[in-house]
Amino acid sequence: WMGRLAAVLLALTLLLARAAIAQDSTAATPGLVPAGYGTLRQEDIAVRLTTGTLQLRVLPLDERVIRLLAPDSYTALHRLVESMAPRIAAAARQDGVREPALFLVTFFGLQDQARFVAEDVTITSRNRFFRPIAVLPITPRWDEQQLRQRETATAVYVYEDGIALFEPFTVSYNGTTSSDWEQVLPTLDSERAAVQARAGRGP
């Protein structure tokens, strides 16, 4: 009898521990909010770097983030990801990645003949180093990897899964590192609460 009781208590302890872990995981990774109620601009959730002759803007394309944007921005980015879905899936499949992390990366030329190296945009999250497994150009002349002054070049970057979007991470390029995302996180939290409140009231 005592043996059976001990076994039951052990099983109950394991179940409670698993439930606590699941709850912590859910709390650390917010779910989807309804689309169409956000008010943020793309600039509010972008990581920026300036290095030599270039400026970079790195924007997560995760639905949990872009649904917090104003409706026009959300729709544009959502449709962009949908339109590139076959290319993204092929790139992920080639590297055996099941849930790729997607970012929109824009290079901006600060002067003529500003050269960039596309593959050098890296992310560090939870002490792991991520290089893009694929770079999918959107703008023309991407392969030249050179910009005129005020010209932009934009691509969707595909990284392997494991980047913790709702924790601080850093973005690096050519020896310059930005930790802007740490300042973005409180903005996301407050907008998520506001979106849920707006959605609760209805349109």
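The values are calculated or read from the model by the stated rules, or taken from the named source; none is laboratory data. As the structure is a computational prediction, the values presented were derived from the model and not from experiment. No Cβ is skipped: glycine too gets one built from the backbone with ideal geometry, and neighbour counts run over all protein chains shown. Surface areas here come from the heavy atoms of the whole protein model, side chains and all, with no ligands, DNA or RNA. Shrake-Rupley method; radii C 1.70, N 1.55, O 1.52, S 1.80 Å.
Things worth noting here:
- Once C-alpha pairs closer than 8 Å and six or more residues apart are averaged by separation and normalised to the residue number of region 33-188, the relative contact order reads 27 percent.
- Mean Cβ neighbour count within 10 Å, used as a protection proxy, ranking 161-170, 38-47, 86-95 highest first: 38-47, 161-170, 86-95
- Residue by residue, region 94-103 carries 3J(HN,Hα) couplings of 4, 9, x, 9, 8, 10, x, 9, 10, 9 Hz when phi is fed to the Karplus relation 6.51 cos²θ - 1.76 cosθ + 1.60 (θ = phi - 60°); x denotes Gly or Pro.
- Within-12-Å neighbourhood charge of Glu191 [Cβ basis; K, R +1; D, E -1]: +3
- Averaging the sequence gap over all C-alpha pairs within less than 8 Å and six or more residues apart, then dividing by the number of residues, gives region 89-164 a relative contact order of 45 percent.
- Relative contact order (%) - criterion: Cα under 8 Å, at least six apart; region: region 30-117: 37
- For region 25-117, the list of chymotrypsin sites (Phe, Trp or Tyr not before Pro) that fall in a loop by DSSP and count at most 14 other C-beta atoms within 10 angstrom is empty.
- Of the solvent-accessible surface of region 49-203, computed with a 1.4 Å probe and all protein chains present, 45% belongs to carbon and sulfur.
- Using the Cβ-Cβ distance between Glu99 and Ala194 with R0 set to 25 Å, the FRET efficiency works out to roughly 0.35.
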